[in-house]
1. Sorted by accessible area with a 1.4 angstrom probe, largest first, how do Asp167, Asp143 fall?
2. Provide the per residue accessible area, probe 1.4 Å, for the stretch 3-69, rounded to a whole number of square angstrom.
3. Find the accessible area per residue for the stretch 84-185; the probe is 1.4 Å, ligands and nucleic acids are left out, and the unit is Å².
4. Using a 1.4 Å probe on the protein heavy atoms, what percent of the accessible area of the stretch 3-69 belongs to carbon and sulfur?
5. So, R0 is 22 Å and r is the distance between the beta-carbons of Gln62 and Ala161; what FRET efficiency does that work out to, to 0.05?
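The values are calculated or read from the model by the stated rules, or taken from the named source; none is laboratory data. Values in this document were obtained by computation on a predicted structure and should not be read as measured data. Cβ placement follows ideal geometry from the backbone for every residue including glycine, while neighbour counts extend to all protein chains displayed. The area values use the complete protein model at the heavy-atom level, side chains included, leaving out ligands, DNA and RNA. Shrake-Rupley method; radii C 1.70, N 1.55, O 1.52, S 1.80 Å.
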Amino acid sequence: MDLDGVLQSVGPRLRAMRQERGTTLAELSTTTGISVSTLSRLESGQRRPTLELLLLLARAYQVQLDELIGAPVTGDPRVHLRPVERFGMTYIPLSRRAGGLQAFKQIYPPHWPGYEPEQRVHEGYEWLYVLGGRLRLRLGPHDVVLGAGEVAEFDTRTPHAFVNPGDEPTEVLALFGPQGERMHVRARPQHHVVRA
C-alpha cells in the first residue's frame, strides 16, 4: 500500500477504534488534548494525521503506532492479537482492515463495571455472540441477559449499555460495522435477541 493509501485508511480506523470503545469525541479530546474539531476531521479524512497526533492517539488507545495506521506485517499473513484493556475490560482485535466490519473478542470481568452504566449511542451496527458467561444488554427500553450461545444485533444509535452480572468473566465475540452495514440480511425488527 502506498503512503497516500495508508494515510487515507487512518481515519476510518480511528473512528472504528473510538466507537468500539464507546468513547465520544469530547472524551477523547479530554484524554489526548486534541481538539474535538481536529479529531473529527482526522476521522473523516479531512485532515492528514501527523506523527504527533498519531502518538497521542496511540497512547490514548494503548496500541502500537503500527496498529493505529494499519501497517502490514511484511510476509506474515497472521493476525497478531494484541489485547487492549479499557475501562477494566479486555478487547482483542481479530481483524486489521480499516473501516468496514471489525471483529473483536471482548472479556468482561465478573460484576463489570460495578455500577449501573449510562446507555450510550454512536454510529454503527453491532452483532455479538456470547461465548461464555452472561452478558446483560440494556438496549433502549429492553433489559435482557444473554447466556452462552445467544446472539444479539442492533443499530448502535439505539441507547445501549453492557453489564456482566455474573461471578465469572464473560467472553463475547463482537462484530462492529459502519452505519447501515449489517452482518447479514433478513427482514426482522431493528433489534432483537435470538438463540443460536
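1. Largest accessible area first, the list is Asp167, Asp143.
2. With the other protein chains kept in place, the stretch 3-69 gives 49 Å² per residue.
3. Result: 45 Å² of accessible area for each residue.
4. Carbon and sulfur: 53 percent of the exposed surface of the stretch 3-69.
5. Computed FRET efficiency for Gln62 and Ala161 comes out at 0.50.
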